[in-house]
Amino acid sequence: MRILGISAYYHDSAAALLVDGEVVAAAQEERFSRKKHDARFPASAARYCLDSQGLALADIDAVVYYEKPLLTFERLLETYLGAAPRGGRSFVAAMQVWLKEKLFLKTELKKQVAALGAPDAKQPELLFSEHHLSHAGAAFYPSPFEKAAVLCMDGVGEWATTSAWLGDSAGLSPLWEINFPHSLGLLYSAFTYYCGFKVNSGEYKLMGLAPYGEPRYVDQIKQHLIDIKPDGTFRLDLSYFKFHRGFRMTGRKFHKLFGRPPRKGETELSQFHMDLAASIQVVTEEVVLKLARTLRQETGATALCLSGGVALNCVANGKLLREGIFDQIWIQPASGDAGSALGAALVAWHQHFKNSRQPVSGDAMKGTYLGPDFSNSEICEYLTSIKAPFQALEDPRLFDRLAGLLDQGKVVGWFNGRMEFGPRALGARSIIGDPRNQQMQSVMNLKIKYRESFRPFAPSVLEQEVANQFELNAQSPYMLLVAPVKKELCQSMTAEQEQLFGIDKLKVPRSSLPAITHVDYSARVQTVSERTNPRYFNLIKAFQRRTGCPTIVNTSFNVRGEPIVCTPQDAYRCFMRTEMDVLVLQNQLLFKEEQPQDDADESWKQEFELD
């Protein structure tokens, strides 16, 4: 049986394909359209899923949409009626979109699905999951656990903002939920907005900013904005917010509480914003830990699965692991709405079509390497067509050469195998460097990624070496756990350095791996397995043989404001627009200084119109 899962029309649309319950392909639409957080129907992602398995639409048994639009419409109506007459302008704007497009989503979905096939093709059955059920399905069904508690936390689905489930051999059973407008995700997004970052994309920036601050406003937040119960459930004081009845996240009462208006994007970040980031991070962690303790007590389960946008808060995840509330934790790597395309398909397979789970060795996500790949012959043909000089090297020689280049401080674009599914680059579409290099973080941030200087970079470490580099006793294949750097690698600060505040802290090396050590001596860790990504594993192994260091810097292969690269064409374009030194496309090695950049040959510029 073949099931195609779809998420679309809100943000991060995606498609995922199951064949007899096995996850065989998944991708976000933004990677194909090159429009970040593309919300349109994922036609290109769906076509990729079909083409990757040699299937036509007529071969698909069911298409599953990740939520129930009419329940969302009901929530909007009830919310606006409850807030009336306030929120009138946003109500009119929302209704225009709903009456024009979303209210008739079933018809629109049938039309878009039909366009994937031949005009007379047999149409698959169209099914609808529910938003948090899709998150729960994405969390539990691919996990390595026979039984687990499941916690889903995001902004909002149809009604639920937080939901708890028990997953076992019988499937997923709902336990309880917290409904809109009381939302931990929207509370965090309100601070994201207030600190001048974009909602639904800037939350990870707020998390990265938090270690530069002190949690001075925790009591203020808990006294005025959120009432946290001993079991972790909570209620917001809605008089401080506008997300439920307007175009903005926060209201004048919120701004008065903190003594200033929201920061405008691109203006200077002050210590105030850093302290706010630290404070809301502490509050978020408190809620997550209390909810986890409640779930452990209620279910008796020893394992926990997480999904939803809040599950991408890897600082909270790391603290949850270290607290030892559950023996094991598994986090869906595509925890946002994109991953719900996969969750919806899995819910249909297990709960609609009544198929039992099959035991797997490890999880069923295949390292998230579920996207397109390109052969060496395809890449060589492309590079030859644009007259780009390159060298073709076999793996062992290529890895040794790259280890030397990294040791010299070169920044390398690494394009390898199938593209990752989800927001993280995990060694398929990555930019890599030497973590021992003191200048690497600023070089990557300012000259290659074109992004804020405070943003930390993540380490990729050989899985068998993780305990030697970090205070982490678990695998972290999806870069969703923050852990302290091993004390033996850390460097103490002088009394003068201890007095530094804010971004000034960034200038002080904290460990022998300064490029990946955040100002609080932590790192967002990815453990690399030879089983799921042998080429990336062997590259890091070659770097270890040369330098003794089993870790490299890993950041996503893109520049600020663009999605992660998908094709060799995307990778070459990004390479030429930045100060990367070296590009690797499978087994093809390219050096920046050798590439055509003068008026004599601008064929690559003609193919890729710069933004």
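The values are calculated or read from the model by the stated rules, or taken from the named source; none is laboratory data. Just so you know, these numbers come straight off a predicted model, no measurement behind them. Here the Cβ positions follow ideal geometry from the backbone for every residue, glycine too, while neighbour counts run over all protein chains shown. Just the protein is used for accessible areas: all its heavy atoms, side chains included, with ligands, DNA and RNA removed. Shrake-Rupley method; radii C 1.70, N 1.55, O 1.52, S 1.80 Å.
When restricted to residues that are under 17 Å from Leu187 (Cα atoms) and hydrophobic (A, V, I, L, M, F, W, C), region 248-304 contains 15.
Take Asp570 and decide whether it is more than 22 Å from Pro484 (Cα to Cα) and either open to solvent by 10 Å² or more (accessible area, probe 1.4 Å) or in a helix (DSSP H, G or I) (or both). Against the criterion (more than 22 Å from Pro484 (Cα to Cα) and either open to solvent by 10 Å² or more (accessible area, probe 1.4 Å) or in a helix (DSSP H, G or I) (or both)), Asp570 qualifies.
Filter region 262-276 for residues that are within 25 Å of the chain's Cα centre (by Cα) and open to solvent by less than 40 Å² (accessible area, probe 1.4 Å); which is farthest from Ala164 (Cα to Cα)? Of everything passing the filter in region 262-276, Leu269 is farthest from Ala164 (Cα to Cα).
Just one residue in the set Asp400, Asp363, Asp373 is assigned to a loop (DSSP other than H, G, I, E, B), of a type in the set (Asp, Glu) and under 26 Å from Val584 (Cβ atoms); that residue is Asp373.
Does region 589-602 contain any residue that is at pLDDT below 90 and either in a helix (DSSP H, G or I) or among the aliphatic types (A, V, I, L, M) (or both)? Among the residues of region 589-602, at least one is at pLDDT below 90 and either in a helix (DSSP H, G or I) or among the aliphatic types (A, V, I, L, M) (or both), which makes the answer yes. The set of residues from region 239-276 being small (Gly, Ala, Ser) and not in a helix (DSSP H, G or I) comprises Gly246, Gly251, Gly259, Gly265, Ser270. The set of residues in region 403-425 being assigned to a loop (DSSP other than H, G, I, E, B) and either small (Gly, Ala, Ser) or out of contact with any Pro (no Cβ under 6 Å at 6 or more places or on another chain) (or both) consists of Gln408, Gly409, Lys410, Val411, Asn416, Gly417, Arg418, Phe421, Gly422, Pro423, Arg424, Ala425. Within region 161-183, the set of residues being of a type in the set (A, V, I, L, M, F, W, C) and in contact with a helix residue (DSSP H, G or I) (Cβ under 9 Å, 6 or more places away or on another chain) comprises Ala164, Trp165, Leu166, Leu172, Leu175, Trp176, Ile178, Phe180. Residues of region 213-236 that are of a type outside the set (A, V, I, L, M, F, W, C), farther than 30 Å from Thr299 by Cα and touching a helix residue (DSSP H, G or I) at 6+ places or on another chain (Cβ under 8 Å): Gly213, Glu214, Pro215, Arg216, Tyr217, Gln220, His224.
The residues of region 444-471 that are hydrophobic (A, V, I, L, M, F, W, C) and either at pLDDT 85 or above or surrounded by fewer than 16 Cβ atoms within 10 Å (Cβ to Cβ) (or both), listed by number, are Met444, Leu446, Phe457, Ala458, Val461, Leu462, Val466, Ala467, Phe470.
Taken over region 433-477, the criterion of being touching a residue at least 60 places away in the same chain (Cβ under 8 Å), farther than 25 Å from Lys319 by Cα and under 22 Å from the mean Cα position of the chain (by Cα) is satisfied by Gly433, Met444, Ile448, Lys449, Tyr450, Arg451, Glu452.
Of all residues in region 418-431, none are farther than 27 Å from Asp38 by Cβ, out of contact with any helix residue (DSSP H, G or I) (no Cβ under 9 Å at 6 or more places or on another chain) and either among the hydrophobic types (A, V, I, L, M, F, W, C) or open to solvent by 40 Å² or more (accessible area, probe 1.4 Å) (or both). The listed residues are Ala483, Ala474, and the only one of them that is open to solvent by 10 Å² or more (accessible area, probe 1.4 Å) and within 29 Å of Ser307 (Cβ to Cβ) turns out to be Ala474. Among the residues of region 573-584, those identified as over 20 Å from Gln408 (Cα atoms) and either surrounded by fewer than 20 Cβ atoms within 10 Å (Cβ to Cβ) or touching a residue at least 40 places away in the same chain (Cβ under 8 Å) (or both) are Cys574, Met576, Arg577. For Ser279, the conditions (1) crowded, with 20+ Cβ neighbours inside 10 Å; (2) assigned to a loop (DSSP other than H, G, I, E, B); (3) among the polar types (S, T, N, Q) are fulfilled apart from (2). Can you confirm whether Asp520 is at pLDDT below 95 and not in a loop (DSSP other than H, G, I, E, B)? So Asp520 fails the test.
For region 387-400, the set of residues classified as closer than 15 Å to Phe537 by Cα and either under 32 Å from the mean Cα position of the chain (by Cα) or surrounded by 20 or more Cβ atoms within 10 Å (Cβ to Cβ) (or both) consists of Asp395, Pro396, Leu398, Phe399, Asp400, listed by residue number. Counting only strands (runs of 3 or more DSSP E) wholly contained in region 160-238, the ones carrying 1 or more residues that are open to solvent by 30 Å² or more (accessible area, probe 1.4 Å) and touching a Ser or Thr at 6+ places or on another chain (Cβ under 8 Å) occupy 160-168, 171-179. When region 504-529 is limited to residues that are over 20 Å from Cys314 (Cβ atoms) and without any contact (Cβ under 8 Å) to a residue 40 or more places away in the chain, the one that is most open to solvent (accessible area, probe 1.4 Å) turns out to be Lys507. Would you pick out the residues in region 176-195 that are without any contact (Cβ under 8 Å) to a residue 24 or more places away in the chain and under 12 Å from Gly157 (Cα atoms)? Residue satisfying the conditions is Asn179 alone. Sub-8 Å Cβ pairs linking a first residue in region 376-403 that is closer than 18 Å to Gln595 by Cβ to a second residue that is open to solvent by 80 Å² or more (accessible area, probe 1.4 Å) and of a type outside the set (Gly, Ala, Ser), at least 6 apart or interchain, are Ile386/Glu607; Pro389/Glu594; Leu393/Arg401, ordered by first then second residue.
Return a yes/no flag: does region 282-292 have any residue that is open to solvent by 50 Å² or more (accessible area, probe 1.4 Å) and more than 23 Å from the chain's Cα centre (by Cα). Looking through region 282-292, at least one residue is open to solvent by 50 Å² or more (accessible area, probe 1.4 Å) and more than 23 Å from the chain's Cα centre (by Cα).
Of all residues in region 310-317, none satisfies being surrounded by fewer than 19 Cβ atoms within 10 Å (Cβ to Cβ) and more than 17 Å from Asn179 (Cα to Cα). Assessment of region 543-558 against the conditions (part of a strand (DSSP E or B), open to solvent by less than 40 Å² (accessible area, probe 1.4 Å), modelled with pLDDT of 90 or more and over 20 Å from Gly404 (Cβ atoms)) yields at least one matching residue. Return yes or no: is Glu101 modelled with pLDDT of 90 or more and among the acidic types (Asp, Glu)? The answer is no for Glu101.
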